[in-house]
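The values are calculated or read from the model by the stated rules, or taken from the named source; none is laboratory data. Fair warning: this is a prediction, and the values are worked out from it, not measured in the lab. Glycine gets a Cβ as well: all are built from the backbone with ideal geometry, and neighbour counts include every protein chain shown. Surface accessibility is based on the protein's heavy atoms, side chains included, excluding ligands, DNA and RNA. Shrake-Rupley method; radii C 1.70, N 1.55, O 1.52, S 1.80 Å.
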Amino acid sequence: MNNKIKTITFTGIFTALAIILAYVELLIPPLFPSLPGIKMGLPNIIIVFLLYRKDATSAIFVSLIRILLVTMLFSNAMAFLYSLAGAVLSLLIMILLRKLNLLSVVGVSIAGAVAHNIGQILMAMLLLDSSELGFYLIALVFSGIIAGVFVGLCGALLIKKFPSKLH
Amino acid sequence: MEKQKTTNKRHLRNDIILVAVLLLFAIACGIYLFFFRATGDAVKVTVNGKPYATYSLSENREVNIYTGNNKQLNRLIVKDGKAFIETATCPDKICAEHRAIFRDGESIVCLPNRVVVTVIKSDKTDAPDAVT
């Protein structure tokens, strides 16, 4: 029982943090207005942290609840599908890489960011029935690497500040 | 401690390999798209994933693409062999800011109105106004 309460509390706190980061990100004016989808991906700091200091389950929960709530608060149904596709692919890749222990926190974050962008492109291809989004993919791979490095460094800093796993 | 150090080194090396592979992939895509793609000769417009119309790039024209029960509009301009969206009623106006397209396979996407304009290479440019 005690454990259950703890899990709920932790998930709640981290989801709240992720939502706040998503909101902060909305306040930052887009760097390239003509290329939507290029953003820092600040909520991913929380997801990366959870992967290293809690477990994959809580990362999945926080990510999905975060997307649902952020969509209801600030966005629309179409954006929800894009976010969801990105998040699912990104989570899968990051959980896998975390388990394999091949990369550093920054590497996992880069892979996650790029996977997120590729997931969105795949969803766009599916929804728009257009396979011609190739140009977009290049821009999103580049931006994914840069965003991934930044988010990964933030995540690594946080992980260092909390040396032991959260129980 | 020593073990941690070697692990960190290995991680860093793998990180660099990951970034290098991703960059190579992006650059390869870029080279392919920019150099090996011929100029197209027509634009295909799809709305909601369904074909809407095809227009030849060889003659200048202005087309209004109405979507969403005629409430939404994307104004497509074909000029000097290139196509671009001049104005749009969608909230983000990303399609209107997109540069003119002319290479085979290039596209302008308007996500809110679900309009996609793609350059194609067609053999039947004799029916440029055909609404499919």
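Being open to solvent by less than 50 Å² (accessible area, probe 1.4 Å), under 27 Å from B:Val119 (Cβ atoms) and among the β-branched types (Val, Ile, Thr): is that true of B:Val19 here? Taking the combined requirement at face value, the residue does not satisfy it.
Just one residue in the set A:Ser130, A:Ser143, A:Ser164, A:Ser90 is in contact with a strand residue (DSSP E or B) (Cβ under 8 Å, 6 or more places away or on another chain) and either at pLDDT below 90 or not β-branched (Val, Ile, Thr) (or both); that residue is A:Ser130. The set of residues in the range B:102-125 being open to solvent by less than 20 Å² (accessible area, probe 1.4 Å), part of a strand (DSSP E or B) and in contact (Cβ under 8 Å) with a residue 60 or more places away in the chain consists of B:Val115, B:Val116, B:Val117, B:Thr118, B:Val119.
Checking each residue in the range B:60-76 for being surrounded by 12 or more Cβ atoms within 10 Å (Cβ to Cβ) and farther than 21 Å from A:Phe135 by Cα picks out B:Arg61, B:Val63, B:Ile65, B:Tyr66, B:Thr67, B:Gly68, B:Gln72, B:Leu73, B:Asn74, B:Arg75. For the residues B:Glu59, B:Glu86, B:Glu2, the requirement of being away from chain A (no Cβ under 11 Å) and modelled with pLDDT of 90 or more singles out B:Glu86.
Please go through the range B:77-102 and pick out each residue that is under 11 Å from B:Val117 (Cβ atoms) and not aliphatic (A, V, I, L, M). B:Phe84, B:Cys95, B:His98, listed by residue number. Can we say B:Ala53 is more than 14 Å from chain A (Cβ to nearest Cβ), among the small types (Gly, Ala, Ser), touching a strand residue (DSSP E or B) at 6+ places or on another chain (Cβ under 7 Å) and touching a residue at least 24 places away in the same chain (Cβ under 8 Å)? Against the criterion (more than 14 Å from chain A (Cβ to nearest Cβ), among the small types (Gly, Ala, Ser), touching a strand residue (DSSP E or B) at 6+ places or on another chain (Cβ under 7 Å) and touching a residue at least 24 places away in the same chain (Cβ under 8 Å)), B:Ala53 qualifies.
Being part of a strand (DSSP E or B), touching a helix residue (DSSP H, G or I) at 6+ places or on another chain (Cβ under 8 Å) and either within 21 Å of B:Thr118 (Cβ to Cβ) or at the interface with chain A (Cβ under 9 Å from one of its Cβ atoms) (or both) narrows it down to one residue among B:Asn14, B:Asn74, B:Asn64; which is it? From the options B:Asn14, B:Asn74, B:Asn64, the qualifying one is B:Asn74. B:His11 falls short on exactly one of the conditions (1) without any contact (Cβ under 8 Å) to a residue 40 or more places away in the chain; (2) open to solvent by 90 Å² or more (accessible area, probe 1.4 Å), and that condition is (2). Just so you know, in the range B:33-48 the residues that are facing chain A (nearest Cβ under 9 Å) and at pLDDT 80 or above include one that is most open to solvent (accessible area, probe 1.4 Å), and it is B:Asn48. Against the numbered list (1) open to solvent by less than 50 Å² (accessible area, probe 1.4 Å); (2) in a helix (DSSP H, G or I); (3) not acidic (Asp, Glu), A:Gly41 comes up short only at (2). Kindly indicate whether A:Ala124 is more than 30 Å from A:Lys4 (Cβ to Cβ) and in contact with a strand residue (DSSP E or B) (Cβ under 8 Å, 6 or more places away or on another chain). Here the answer is yes, as A:Ala124 does meet what is asked.
When A:Thr71 is tested against (1) closer than 22 Å to B:Cys90 by Cα; (2) facing chain B (nearest Cβ under 10 Å); (3) surrounded by fewer than 20 Cβ atoms within 10 Å (Cβ to Cβ); (4) under 15 Å from the mean Cα position of the chain (by Cα), only condition (2) is not met.
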